[in-house]
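J.: I am attaching a structure below and will ask some questions about it afterwards.
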Amino acid sequence: MTTPNPADAGSGEIAGHPHPAVAPAAVPPEAGRVKTHLGDRIFRTLAVGSGGFIVALIGAIGLFLLWRAIPALARNKENFFTYGGNWITTDTSAMHFGVLELVQVTVFVSVFALLLAMPVALGVAIYLTAYAPRRLVAPLSYLVDLLAAVPSIIYGVWGLYVLAPWLRPIALWLNEHLGWLFLFSTGNASVGGGGTVFTGGIVLAVMILPIIAAVAREVFVQTPQGQIEAALALGATRWEVIKTTVLPFGRSGFVSGAMLGLGRALGETIALLIILRGTQKAFGWSLFDGGFTFASKIAATASEFNDQYKAGAYIAAGLVLFVLTFVVNAAARAAVTMGSSR
């Protein structure tokens, strides 16, 4: 018996039985190509062009701010980043201005507002996701979202003339019992007055709350149902389900929503201008101090924009705010990316 040679398989014999060799079918050269329809090419061009346009627009804004700020910075006699005194731009040949105090007030009031808004927004998102009756979820969600539709000037007037009198007893109590701590010291502004970081931060917290709550709610509802059912099958209570499945899954979304809210707080203008303009004394790291943020300072001195050097000083401050908000929003985007990659 002859043992078949495996090498003969390529010559038309299988297991010792001859058979006619089969020639490979001819493959058209265009078969390996993916046909691209005209609509796909148009959509791709529009999508790429839109993304490129946004990037170019952001770059153009930054270049414009830098271009208009350089002449004023060249005539500034102080260190722009470390000087925190009064802005003196009357003599455009020798100006004195800096952003140190603006950075301090802006970051301080924004972080204070964020610390107040985050727990409330988290509670709202958890209630709407896991506890609220189904028929009330949509109305309550719309009600929370409507907070973002209230104009800033309404928030400012409400905070100064309605909220501030209500907060006065609380401010006096904090100053009396915790005045030894710099956060609750008397400060440069009157504790009983409304034009303080304390009032402005609470108003700002109400303004950024719907942003954080909306983002957190949208992430929480996407928790895999299989994980929730597995936790329930193991006998977990509703809160244990939230703690072991919903919160870990939506942590990155909640953090990114908080960062977006912080970016919104950094750029708030009219509400803080109305509340904080009651005092122009130096900021001293107390909740009962006043001062100017970047945005409120620029808005309050708009009458000086008729001179390119005076305007350039405030445009330079706007450039710092532009970079600051850009970094915060980039951090929020990075938090979303890191959370989705896990």
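The values are calculated or read from the model by the stated rules, or taken from the named source; none is laboratory data. All figures in this text were calculated on a predicted structure; none of them were measured in a lab. In this analysis, Cβ positions are derived from the backbone assuming ideal geometry, glycine residues included, and neighbour counts consider all displayed protein chains. Side chains included, ligands, DNA and RNA excluded: accessible areas come from the protein's heavy atoms. Shrake-Rupley method; radii C 1.70, N 1.55, O 1.52, S 1.80 Å.
J.: Students often check this: by mean Cβ neighbours within 10 Å, which of 211-220, 316-325, 197-206, 136-145 ranks highest, and how do the rest follow?
T.: Working: 211-220: 23.6, 316-325: 19.3, 197-206: 25.9, 136-145: 13.4.
Output ranking for 211-220, 316-325, 197-206, 136-145: 197-206, 211-220, 316-325, 136-145.
J.: What's the extension gain from Val157 to His177 if we count 0.36 nm per residue and subtract their Cα-Cα distance? Don't skip to the end; give the middle numbers.
T.: Working: separation 20, 0.36 × 20 = 7.20 nm, distance 2.92 nm.
Gain on stretching Val157 to His177: 4.3 nm.
J.: Stokes-Einstein at 20 °C, 1.002 mPa s, Kirkwood radius from Cα pairs: D for the stretch 205-342 in µm² s⁻¹?
T.: On the way: Rh = 17.9 Å.
Rounded to a whole number, D works out at 119 µm²/s.
J.: Here's a follow-up. Between Thr244 and Ser50, what is the label-to-label distance in nm when each label sits 7 Å out along the Cα-to-Cβ direction?
T.: 4.3
J.: Also, quick follow-up: For the stretch 47-340, report the convex hull volume of the alpha-carbon atoms normalised per residue, in Å³, without decimals. Write out the running numbers ahead of the final one.
T.: Values: hull volume 49.3 nm³, N = 294.
Output value, Cα hull per residue: 168 Å³.
J.: Whole number in Å², please: accessible area per residue of the stretch 220-342, 1.4 Å probe, ligands, DNA and RNA not counted. Mind showing how you got there, number by number?
T.: Details: 5950 Å² over 123 residues.
With the other protein chains kept in place, the stretch 220-342 gives 48 Å² per residue.
J.: Measuring from a point 7 Å past the Cα of Asp91 along Cα-to-C-beta, which residues in the stretch 293-327 have an amide N at less than 20 Å?
T.: Only 307-314 fall inside the zone, counting backbone N under 20 Å.
J.: Also: Accessible area of Lys77, 1.4 Å probe, to the nearest 10 Å²?
T.: Looks like 120 Å² after rounding.
J.: What spacing in nm lies between the two simple spin-label points modelled at Arg134 and Val120, each 7 Å away from Cα in the Cβ direction?
T.: 3.1
J.: Separate question: Largest first, please: the extent of the C-alpha atoms of the stretch 237-277 along each principal axis, to the nearest Å.
T.: 50, 17, 9
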